[in-house]
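The values are calculated or read from the model by the stated rules, or taken from the named source; none is laboratory data. Remember, predicted model here, so these are calculated numbers, not experimental data. Cβ sites come from the backbone with ideal geometry, for glycine too, and all protein chains shown count toward neighbours.
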């Protein structure tokens with residue numbers, strides 16, 4: 001089952017990843033570099049607010065894997081509805097506020113389609129969580145493929161055949177593809193879950209919220225760490241420079257995730273099932289096994305980007321000529337971030353979401369501070385250095401704190 005799950009999650013990342021590689025040069029050629037910068041910032045803000053709204057549900061549901069008394073289906077309907085719809089409001093407010101600095105970000109069409117994309121992402125996230133929790137890797141892979149493929153086709157159709165062009169057209173197309181994928185994931189599950197006769201929703205909601213609200217902020221901070229460089233470049237430098245950097249960073253960060261995330265996604269529910277089943281020793285052994293595989297894979301990713309990037313990237317992003325140093329920093333940052341997703345597991349298993357949040361806020365602050373200090377001097381290369389530094393800060397912090405927690409478990413004789 002584990003091997004099949006990894007293969008399923010690999011398909012869930014490879015197919016959308018290949019489409020992403022194909023989409024970036026196509027989208028830039030259709031909407032232009034300046035509009036791609038607007039698209040990147042709008043997408044980042046949408047993911048940021050959606051992480052706050054839905055992240056607490058997703059992380060709490062995955063942490064409760066294997067515990068039927070804390071199933072996601074026990075939550076009140078109003079809580080899930082609010083979590084999905086509320087993030088659209090700050091998206092509109094934030095894009096309107098930065099519209100003057102990044103031309104086109106505050107256009108009405110961008111505001112509406114970004115809000116729609118946020119709602120669609122929230123709906124999709126809930127059903128994707130259910131599929132991951134139940135180890136239904138095949139269904140998850142199918143949904144991810146539909147999301148990427150249908151979103152790209154819809155975006156191109158809207159941009160080329162309707163008045164809805166530029167970033168707004170791409171956002172609308174992505175929203176349509178995401179909703180279609182959510183409909184696929186929303187299909188029936190077997191065995192079908194039956195709500196118990198007594199209402200237990202409020203108790204489950206309190207349990208989810210207690211663990212989940214720091215994780216929502218964690219997810220939002222992680223989006224900030226990954227995407228704040230595009231916003232800084234868009235505000236301080238020309239939109240075309242920001243657009244080229246955003247496309248290059250998207251290819252490297254998403255490409256690394258395409259290869260690495262199947263490992264961490266499959267590991268998460270298995271680790272939590274073993275931990276919740278009072279088998280901490282087995283959970284630690286599983287974590288070490290997955291970590292070794294991930295580190296070897298990430299080393300290959302960094303080497304591949306550094307060696308092949310100067311030749312490959314200009315062919316994927318027309319007009320770009322990234323230096324080897326910039327590519328190395330982006331590759332190291334992307335690899336460290338994927339490593340952090342496993343390095344933080346000891347803190348997740350022991351329910352220490354608040355220390356995780358504090359560590360990530362510190363890392364995000366390092367990233368923002370370095371962006372503000374060195375981007376005006378080094379330009380895009382400075383943004384890549386800031387990203388790698390923030391990712392390194394978080395990974396190191398999780399390694400130290402998580403190692404202490406697990407050492408305490410071993411010393412107590414539980415493992």
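Side notes on the structure shown:
- Exactly one residue out of 225, 219 is more than 26 Å from residue 15 (Cβ to Cβ), buried (at least 21 other Cβ atoms within 10 Å of the Cβ) and within 16 Å of the chain's Cα centre (by Cα), and it is 225.
- Residue 263 being out of contact with any helix residue (DSSP H, G or I) (no Cβ under 6 Å at 6 or more places or on another chain), farther than 30 Å from residue 29 by Cβ and assigned to a helix (DSSP H, G or I): no
- Among the residues examined, residue 173 qualifies as within 16 Å of residue 19 (Cβ to Cβ), out of contact with any strand residue (DSSP E or B) (no Cβ under 9 Å at 6 or more places or on another chain) and either crowded, with 23+ Cβ neighbours inside 10 Å or at pLDDT 90 or above (or both).
- Residue within region 348-367 that is in contact with a helix residue (DSSP H, G or I) (Cβ under 7 Å, 6 or more places away or on another chain) and farther than 30 Å from residue 64 by Cβ present: yes
- Elements of type helices (runs of 4 or more DSSP H) in region 299-415, at least 3 residues being more than 23 Å from the chain's Cα centre (by Cα) and closer than 29 Å to residue 238 by Cβ: 353-378
- Verdict on residue 95 being over 28 Å from residue 274 (Cβ atoms) and either crowded, with 19+ Cβ neighbours inside 10 Å or at pLDDT 85 or above (or both): yes
- Residue within region 310-329 that is under 30 Å from residue 212 (Cα atoms) and buried (at least 17 other Cβ atoms within 10 Å of the Cβ) present: no
- In region 259-291, the residues that are crowded, with 20+ Cβ neighbours inside 10 Å and free of Cβ contacts under 8 Å to residues at least 40 places away in the same chain: 274
- Whenever a residue of region 304-323 is without any contact (Cβ under 8 Å) to a residue 40 or more places away in the chain, its partners that are assigned to a helix (DSSP H, G or I), lying with C-beta atoms within less than 7 angstrom and at least six residues away or across chains, give the pairs 306/324; 306/327; 306/328; 306/331; 310/324; 310/327; 321/314.
- Summed over region 344-358, the residues that are modelled with pLDDT of 90 or more and surrounded by fewer than 24 Cβ atoms within 10 Å (Cβ to Cβ) give a count of 1.
- Within region 188-215, residues that are under 13 Å from residue 63 (Cα atoms) reach no partner that is in a loop (DSSP other than H, G, I, E, B) and at pLDDT below 50 with beta carbons closer than 8 Å at six or more positions or on different chains.
- The selection criterion, being touching a helix residue (DSSP H, G or I) at 6+ places or on another chain (Cβ under 9 Å), buried (at least 18 other Cβ atoms within 10 Å of the Cβ), at pLDDT below 80 and part of a loop (DSSP other than H, G, I, E, B), does not hold for residue 187.
- The residues listed here are 362, 294; of these, the one that is crowded, with 21+ Cβ neighbours inside 10 Å, in contact (Cβ under 8 Å) with a residue 24 or more places away in the chain and more than 21 Å from residue 20 (Cα to Cα) is 294.
- Test for residue 155: is it over 29 Å from residue 394 (Cβ atoms), under 21 Å from the mean Cα position of the chain (by Cα) and at pLDDT below 90: no
- Among the residues of region 390-415, those that are closer than 21 Å to residue 335 by Cβ and touching a residue at least 24 places away in the same chain (Cβ under 8 Å) comprise 390, 391, 392, 393, 394, 395, 397, 398, 399, 401, 402, 403.
- Qualifying residue in region 237-256 (condition: within 23 Å of residue 287 (Cβ to Cβ), part of a helix (DSSP H, G or I) and at pLDDT 85 or above): yes
- In region 141-174, the residues that are touching a residue at least 12 places away in the same chain (Cβ under 8 Å) and farther than 23 Å from residue 185 by Cα: 156, 157, 158, 159, 160, 164, 165, 166, 167, 168, 169
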